[in-house]
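Sending over a structure as structure tokens; questions will come in a sec.
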Amino acid sequence: MDISESGWLHCIHDGWFSGSNLEFNLNLLYDTVVAALETKRQKARDSYAKLTAEQKAQRNAKRREAYALKRNRSFAPEMHTLVTNCGIVSTAKTFKHA
């Protein structure tokens, strides 16, 4: 992709990235991103508020299950090391020299 196709070239030529104009545009960009995130969060809050108690319970159960799976997965490499070392309780990597 050519730089002129990306839309950034006109910003450079129009002086977006110079002096106080840079600070203004970065603040404008920041405000725009923050506003978009706030809108997204508000939509999520509104949609959650519209759920019935049963739907909220189902959603929370799925979240708890996902959390438990993630937590159990983080312990899996340690358990694998214990099993492959045939009872030696160590998670340190061992190297065999030929």
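Throughout, read-outs are computed from the coordinates displayed, never taken from laboratory work. The structure presented is a predicted model; accordingly, all values stated were derived computationally and were not measured. FYI the Cβ positions are ideal-geometry reconstructions off the backbone, even for glycines, and counts take in every protein chain you see.
What ³J(HN,Hα) values, in whole Hz, does the Karplus curve 6.51 cos²θ - 1.76 cosθ + 1.60 give for segment 39-49 when θ = phi - 60°, with x put for Gly and Pro?
Karplus values, whole Hz, x for Gly and Pro: 4, 4, 5, 5, 4, 5, 4, 5, 5, 5, 5.
Something else about it: Could you give the nm distance between label points at Asn72 and Ala35, where each point is 7 Å from its Cα heading toward the beta carbon?
4.6
Additional query: At 7 Å along Cα-to-Cβ for each site, give me the label-to-label distance between Lys56 and Leu26 in nm.
Spacing of the two 7 Å Cα→Cβ label points: 4.2 nm.
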